[in-house]
Amino acid sequence: MLHEAVDVVVKLRAVGSSTIGDSKWLALYGERYSSEDEAASAGNHWRDAFERALAAFRVAADFGERNTDGWLHPRMLAIASEASGGPVLNDVHGLMVIPADQNVSLFRGSASGFATQSVEALRLTLASGLNRRRHAQQRLAFDLYSAGLMAQSVDAKFLLLIAAVESLMTEFNRAAEVQILVDALVLKVTQATIDAVEKERLTSAVSRLKVASFGQQGTQLALSLGDREYAGDSAVKFFKRCYRIRGRVTHGSATRPSQEDLTAITGGLTQFVGDLLAGPDLVDELIDRGRNARP
(Lines give C-alpha, C1' and ligand atoms only; values in the text may rest on other atoms or scores of the structure.)
Protein backbone atom coordinates (compact mmCIF):
# COMPACT_ATOMS: atom_id res chain seq x y z
CA MET A 1 0.00 0.00 0.00
CA LEU A 2 1.49 3.34 -1.07
CA HIS A 3 -1.37 5.67 -0.24
CA GLU A 4 -4.78 5.40 1.37
CA ALA A 5 -7.25 8.20 1.89
CA VAL A 6 -10.94 8.22 2.69
CA ASP A 7 -12.01 7.38 -0.85
CA VAL A 8 -8.75 6.50 -2.67
CA VAL A 9 -6.31 3.59 -2.53
CA VAL A 10 -2.97 3.39 -4.38
CA LYS A 11 -1.01 0.12 -4.46
CA LEU A 12 2.24 -1.11 -6.03
CA ARG A 13 2.16 -4.70 -7.29
CA ALA A 14 4.43 -7.08 -9.15
CA VAL A 15 3.18 -8.27 -12.54
CA GLY A 16 2.86 -12.04 -12.53
CA SER A 17 3.74 -14.38 -9.68
CA SER A 18 6.98 -12.68 -8.61
CA THR A 19 7.41 -10.47 -5.58
CA ILE A 20 8.01 -6.74 -5.95
CA GLY A 21 11.69 -7.27 -5.11
CA ASP A 22 12.17 -9.93 -7.80
CA SER A 23 9.89 -8.79 -10.61
CA LYS A 24 11.09 -6.95 -13.72
CA TRP A 25 7.60 -5.54 -14.23
CA LEU A 26 5.72 -3.49 -11.67
CA ALA A 27 2.25 -1.97 -11.88
CA LEU A 28 0.79 0.90 -9.91
CA TYR A 29 -2.94 0.63 -9.23
CA GLY A 30 -5.24 3.38 -8.02
CA GLU A 31 -8.90 2.83 -7.15
CA ARG A 32 -12.12 4.63 -6.21
CA TYR A 33 -11.67 7.84 -8.19
CA SER A 34 -14.84 9.77 -8.91
CA SER A 35 -14.12 10.54 -12.57
CA GLU A 36 -11.87 9.57 -15.48
CA ASP A 37 -10.13 12.95 -15.37
CA GLU A 38 -9.43 12.61 -11.65
CA ALA A 39 -8.00 9.12 -12.14
CA ALA A 40 -5.81 10.26 -15.06
CA SER A 41 -4.54 13.24 -13.06
CA ALA A 42 -3.68 10.98 -10.13
CA GLY A 43 -1.93 8.52 -12.46
CA ASN A 44 0.26 11.29 -13.86
CA HIS A 45 1.01 12.53 -10.33
CA TRP A 46 2.20 9.11 -9.17
CA ARG A 47 4.20 8.50 -12.35
CA ASP A 48 6.05 11.81 -11.79
CA ALA A 49 6.60 10.93 -8.13
CA PHE A 50 8.06 7.56 -9.16
CA GLU A 51 10.44 9.19 -11.64
CA ARG A 52 11.81 11.53 -8.98
CA ALA A 53 12.10 8.76 -6.38
CA LEU A 54 13.87 6.38 -8.77
CA ALA A 55 16.24 9.15 -9.84
CA ALA A 56 17.13 9.69 -6.19
CA PHE A 57 18.04 5.98 -5.97
CA ARG A 58 19.93 6.15 -9.31
CA VAL A 59 17.55 3.59 -10.82
CA ALA A 60 16.15 3.63 -14.37
CA ALA A 61 12.68 2.52 -15.45
CA ASP A 62 10.70 2.27 -18.67
CA PHE A 63 7.24 3.77 -18.17
CA GLY A 64 6.26 2.89 -21.73
CA GLU A 65 4.84 6.28 -22.64
CA ARG A 66 5.73 6.11 -26.33
CA ASN A 67 6.77 2.51 -26.86
CA THR A 68 5.70 0.61 -29.96
CA ASP A 69 3.72 -2.20 -28.30
CA GLY A 70 1.32 -4.41 -30.20
CA TRP A 71 -2.24 -3.14 -30.27
CA LEU A 72 -5.60 -3.70 -31.97
CA HIS A 73 -7.23 -1.20 -34.30
CA PRO A 74 -10.35 0.42 -32.74
CA ARG A 75 -12.53 -1.46 -35.22
CA MET A 76 -11.03 -4.76 -34.08
CA LEU A 77 -11.52 -3.77 -30.44
CA ALA A 78 -15.20 -3.12 -31.16
CA ILE A 79 -15.56 -6.58 -32.74
CA ALA A 80 -13.76 -8.22 -29.80
CA SER A 81 -15.92 -6.31 -27.29
CA GLU A 82 -19.10 -7.44 -29.00
CA ALA A 83 -17.92 -11.06 -29.08
CA SER A 84 -16.87 -11.09 -25.40
CA GLY A 85 -19.88 -9.23 -24.08
CA GLY A 86 -17.74 -6.60 -22.37
CA PRO A 87 -15.24 -3.86 -23.20
CA VAL A 88 -11.91 -4.98 -24.70
CA LEU A 89 -9.11 -2.41 -24.46
CA ASN A 90 -5.51 -2.35 -25.62
CA ASP A 91 -3.24 -3.14 -22.67
CA VAL A 92 -1.17 0.02 -22.80
CA HIS A 93 2.34 -0.04 -21.35
CA GLY A 94 1.74 3.26 -19.63
CA LEU A 95 -1.13 5.12 -17.99
CA MET A 96 -4.58 3.56 -18.39
CA VAL A 97 -7.94 4.58 -16.92
CA ILE A 98 -10.41 1.69 -16.67
CA PRO A 99 -14.05 1.91 -15.53
CA ALA A 100 -14.40 0.08 -12.20
CA ASP A 101 -18.04 -0.88 -12.79
CA GLN A 102 -17.37 -2.91 -15.96
CA ASN A 103 -15.73 -6.26 -16.61
CA VAL A 104 -12.88 -5.09 -18.88
CA SER A 105 -10.63 -7.40 -20.90
CA LEU A 106 -7.17 -6.25 -21.98
CA PHE A 107 -5.32 -7.13 -25.17
CA ARG A 108 -1.55 -7.05 -25.61
CA GLY A 109 0.28 -8.42 -28.63
CA SER A 110 3.92 -8.73 -29.50
CA ALA A 111 5.97 -9.98 -32.38
CA SER A 112 9.62 -10.27 -33.20
CA GLY A 113 11.46 -10.98 -36.37
CA PHE A 114 14.91 -11.28 -37.83
CA ALA A 115 16.46 -10.86 -41.22
CA THR A 116 18.80 -13.57 -42.39
CA GLN A 117 22.10 -12.47 -43.88
CA SER A 118 24.53 -14.46 -45.97
CA VAL A 119 27.66 -15.49 -44.08
CA GLU A 120 29.58 -15.32 -47.36
CA ALA A 121 28.33 -11.76 -48.00
CA LEU A 122 29.43 -10.81 -44.50
CA ARG A 123 32.86 -12.35 -45.07
CA LEU A 124 33.32 -10.45 -48.32
CA THR A 125 32.18 -7.18 -46.76
CA LEU A 126 34.55 -7.63 -43.82
CA ALA A 127 37.47 -8.27 -46.17
CA SER A 128 36.55 -5.56 -48.68
CA GLY A 129 39.16 -2.94 -49.46
CA LEU A 130 36.36 -0.39 -49.07
CA ASN A 131 35.84 -1.43 -45.44
CA ARG A 132 38.05 1.12 -43.74
CA ARG A 133 37.84 3.41 -40.76
CA ARG A 134 37.03 6.92 -41.92
CA HIS A 135 36.61 8.83 -38.70
CA ALA A 136 38.27 8.86 -35.26
CA GLN A 137 34.88 8.91 -33.52
CA GLN A 138 33.42 6.05 -35.53
CA ARG A 139 33.53 3.58 -32.64
CA LEU A 140 31.57 5.91 -30.35
CA ALA A 141 29.12 6.60 -33.16
CA PHE A 142 28.54 2.88 -33.66
CA ASP A 143 27.90 2.39 -29.92
CA LEU A 144 25.28 5.15 -30.03
CA TYR A 145 23.82 3.71 -33.23
CA SER A 146 23.51 0.25 -31.64
CA ALA A 147 21.95 1.64 -28.47
CA GLY A 148 19.45 3.53 -30.61
CA LEU A 149 18.41 0.44 -32.55
CA MET A 150 17.88 -1.47 -29.30
CA ALA A 151 15.96 1.32 -27.53
CA GLN A 152 12.28 0.65 -26.82
CA SER A 153 11.19 4.29 -26.78
CA VAL A 154 11.01 5.93 -30.20
CA ASP A 155 12.14 9.23 -28.64
CA ALA A 156 15.26 7.56 -27.20
CA LYS A 157 15.91 5.77 -30.50
CA PHE A 158 15.69 9.02 -32.47
CA LEU A 159 17.88 11.02 -30.09
CA LEU A 160 20.55 8.30 -29.87
CA LEU A 161 20.73 8.14 -33.66
CA ILE A 162 21.05 11.94 -33.80
CA ALA A 163 23.81 11.72 -31.16
CA ALA A 164 25.58 9.20 -33.40
CA VAL A 165 25.50 11.74 -36.24
CA GLU A 166 26.80 14.49 -33.94
CA SER A 167 29.69 12.31 -32.80
CA LEU A 168 30.80 11.99 -36.43
CA MET A 169 30.85 15.74 -37.02
CA THR A 170 34.17 17.54 -37.34
CA GLU A 171 34.68 21.17 -36.46
CA PHE A 172 35.73 23.65 -39.13
CA ASN A 173 36.05 27.40 -39.17
CA ARG A 174 33.72 29.77 -40.95
CA ALA A 175 34.91 31.85 -43.91
CA ALA A 176 37.74 34.36 -43.46
CA GLU A 177 35.42 37.38 -43.79
CA VAL A 178 33.24 35.95 -41.02
CA GLN A 179 36.30 35.52 -38.79
CA ILE A 180 37.16 39.20 -39.28
CA LEU A 181 33.61 40.24 -38.39
CA VAL A 182 33.64 38.06 -35.25
CA ASP A 183 36.95 39.60 -34.16
CA ALA A 184 35.40 43.06 -34.51
CA LEU A 185 32.41 41.99 -32.41
CA VAL A 186 34.70 40.57 -29.72
CA LEU A 187 36.60 43.86 -29.62
CA LYS A 188 33.35 45.79 -29.13
CA VAL A 189 32.39 43.50 -26.26
CA THR A 190 35.77 43.89 -24.53
CA GLN A 191 35.49 47.67 -24.81
CA ALA A 192 31.93 47.81 -23.46
CA THR A 193 31.31 49.17 -19.96
CA ILE A 194 29.42 46.19 -18.58
CA ASP A 195 29.83 43.78 -15.68
CA ALA A 196 33.13 41.88 -15.92
CA VAL A 197 31.54 38.44 -15.56
CA GLU A 198 28.93 39.24 -18.21
CA LYS A 199 31.66 40.59 -20.48
CA GLU A 200 33.61 37.33 -20.15
CA ARG A 201 30.52 35.28 -20.98
CA LEU A 202 29.71 37.39 -24.04
CA THR A 203 33.30 37.29 -25.26
CA SER A 204 33.34 33.50 -25.02
CA ALA A 205 29.95 33.16 -26.76
CA VAL A 206 30.82 35.53 -29.61
CA SER A 207 34.26 33.95 -30.12
CA ARG A 208 32.61 30.57 -30.70
CA LEU A 209 30.91 32.05 -33.77
CA LYS A 210 34.19 31.54 -35.63
CA VAL A 211 33.46 27.80 -35.65
CA ALA A 212 30.72 26.41 -37.89
CA SER A 213 27.47 25.48 -36.15
CA PHE A 214 26.36 21.88 -35.61
CA GLY A 215 23.88 22.42 -38.43
CA GLN A 216 26.69 23.40 -40.81
CA GLN A 217 28.91 20.53 -39.64
CA GLY A 218 26.06 18.07 -40.14
CA THR A 219 25.36 19.46 -43.60
CA GLN A 220 28.99 18.88 -44.53
CA LEU A 221 28.71 15.32 -43.25
CA ALA A 222 25.52 14.72 -45.22
CA LEU A 223 27.20 15.92 -48.41
CA SER A 224 29.51 12.88 -48.16
CA LEU A 225 26.50 10.69 -48.95
CA GLY A 226 26.20 12.12 -52.44
CA ASP A 227 22.85 11.88 -54.20
CA ARG A 228 21.33 9.30 -51.85
CA GLU A 229 17.79 9.92 -50.61
CA TYR A 230 16.27 9.25 -47.20
CA ALA A 231 12.51 9.28 -46.64
CA GLY A 232 12.17 10.97 -50.03
CA ASP A 233 14.66 13.79 -49.33
CA SER A 234 18.25 14.40 -50.33
CA ALA A 235 20.80 13.61 -47.62
CA VAL A 236 21.30 17.30 -46.77
CA LYS A 237 17.58 18.11 -46.71
CA PHE A 238 16.88 15.00 -44.62
CA PHE A 239 19.56 15.92 -42.08
CA LYS A 240 18.14 19.43 -41.72
CA ARG A 241 14.65 18.02 -41.22
CA CYS A 242 15.90 15.63 -38.54
CA TYR A 243 17.78 18.40 -36.76
CA ARG A 244 14.70 20.61 -36.65
CA ILE A 245 12.77 17.70 -35.14
CA ARG A 246 15.59 17.15 -32.63
CA GLY A 247 15.00 20.67 -31.33
CA ARG A 248 11.28 19.97 -30.91
CA VAL A 249 11.99 16.75 -29.00
CA THR A 250 14.73 18.04 -26.68
CA HIS A 251 13.74 21.63 -25.94
CA GLY A 252 10.24 21.16 -24.56
CA SER A 253 8.42 22.34 -27.67
CA ALA A 254 4.64 22.42 -27.44
CA THR A 255 4.61 20.85 -30.92
CA ARG A 256 6.40 17.65 -29.92
CA PRO A 257 6.24 15.26 -32.89
CA SER A 258 3.74 12.43 -32.65
CA GLN A 259 4.90 8.88 -32.08
CA GLU A 260 3.80 7.97 -35.62
CA ASP A 261 5.74 10.83 -37.25
CA LEU A 262 8.85 10.14 -35.19
CA THR A 263 8.71 6.41 -35.97
CA ALA A 264 8.46 7.17 -39.69
CA ILE A 265 11.47 9.50 -39.83
CA THR A 266 13.53 7.24 -37.54
CA GLY A 267 13.44 4.56 -40.23
CA GLY A 268 15.17 6.91 -42.65
CA LEU A 269 17.55 8.10 -39.93
CA THR A 270 18.62 4.49 -39.29
CA GLN A 271 19.66 4.19 -42.95
CA PHE A 272 21.30 7.63 -42.87
CA VAL A 273 23.51 6.79 -39.88
CA GLY A 274 24.24 3.30 -41.20
CA ASP A 275 25.48 4.75 -44.49
CA LEU A 276 27.65 7.29 -42.66
CA LEU A 277 29.21 4.55 -40.53
CA ALA A 278 29.79 2.02 -43.30
CA GLY A 279 30.73 4.54 -45.96
CA PRO A 280 28.75 5.02 -49.19
CA ASP A 281 31.18 2.98 -51.31
CA LEU A 282 30.95 -0.08 -49.06
CA VAL A 283 27.15 0.12 -49.02
CA ASP A 284 27.07 0.37 -52.83
CA GLU A 285 29.39 -2.63 -53.13
CA LEU A 286 27.12 -4.69 -50.86
CA ILE A 287 24.01 -3.70 -52.83
CA ASP A 288 25.66 -4.49 -56.17
CA ARG A 289 26.88 -7.86 -54.90
CA GLY A 290 23.38 -8.76 -53.74
CA ARG A 291 21.89 -7.65 -57.04
CA ASN A 292 24.36 -9.71 -59.06
CA ALA A 293 23.77 -12.78 -56.89
CA ARG A 294 20.08 -12.95 -57.75
CA PRO A 295 19.05 -15.49 -60.42
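The values are calculated or read from the model by the stated rules, or taken from the named source; none is laboratory data. Since the model is a prediction, treat every value here as computed from it, not as a measurement. Because the Cβ atoms are built from the backbone with ideal geometry, glycine has one as well, and the counts that use them run over all protein chains shown.
Taking the numbered list (1) of a type outside the set (Phe, Trp, Tyr); (2) within 30 Å of ALA49 (Cα to Cα); (3) at pLDDT 80 or above; (4) assigned to a loop (DSSP other than H, G, I, E, B) in turn, LEU89 passes all entries but (4).
Out of curiosity, is LEU276 buried (at least 16 other Cβ atoms within 10 Å of the Cβ), over 18 Å from GLY148 (Cα atoms) and in contact (Cβ under 8 Å) with a residue 40 or more places away in the chain?
no
The criterion of at least 3 residues that are at pLDDT 80 or above is met by the following helices (runs of 4 or more DSSP H) wholly inside segment 119-174: 138-150, 154-168. On the stretch given as segment 197-221, residues that are aliphatic (A, V, I, L, M), part of a helix (DSSP H, G or I) and in contact (Cβ under 8 Å) with a residue 24 or more places away in the chain total 3.
Pairs are defined by a Cβ separation below 8 Å, a sequence spacing of at least 6 or placement on different chains, a first member in segment 41-55 that is over 13 Å from VAL97 (Cβ atoms), and a second member that is assigned to a helix (DSSP H, G or I) and among the hydrophobic types (A, V, I, L, M, F, W, C); no pair meets this definition. Of the residues screened, LEU223 is not one that is buried (at least 18 other Cβ atoms within 10 Å of the Cβ), within 28 Å of the chain's Cα centre (by Cα) and not small (Gly, Ala, Ser). Does THR193 fit the bill of being of a type in the set (S, T, N, Q) and not assigned by TED's automatic domain parsing to the domain that holds LEU269? So THR193 passes the test.
Can you spot a residue in segment 142-152 that is over 26 Å from SER224 (Cα atoms) and either in contact with a helix residue (DSSP H, G or I) (Cβ under 6 Å, 6 or more places away or on another chain) or surrounded by 11 or more Cβ atoms within 10 Å (Cβ to Cβ) (or both)? Looking through segment 142-152, at least one residue is over 26 Å from SER224 (Cα atoms) and either in contact with a helix residue (DSSP H, G or I) (Cβ under 6 Å, 6 or more places away or on another chain) or surrounded by 11 or more Cβ atoms within 10 Å (Cβ to Cβ) (or both). Residues of segment 191-215 that are hydroxyl-bearing (Ser, Thr, Tyr) and surrounded by 11 or more Cβ atoms within 10 Å (Cβ to Cβ): THR203, SER204, SER207, SER213. The residue that is nearest to ARG244 (Cα to Cα), among those in segment 163-182 that are surrounded by 12 or more Cβ atoms within 10 Å (Cβ to Cβ) and touching a Lys or Arg at 6+ places or on another chain (Cβ under 8 Å), is ARG174.
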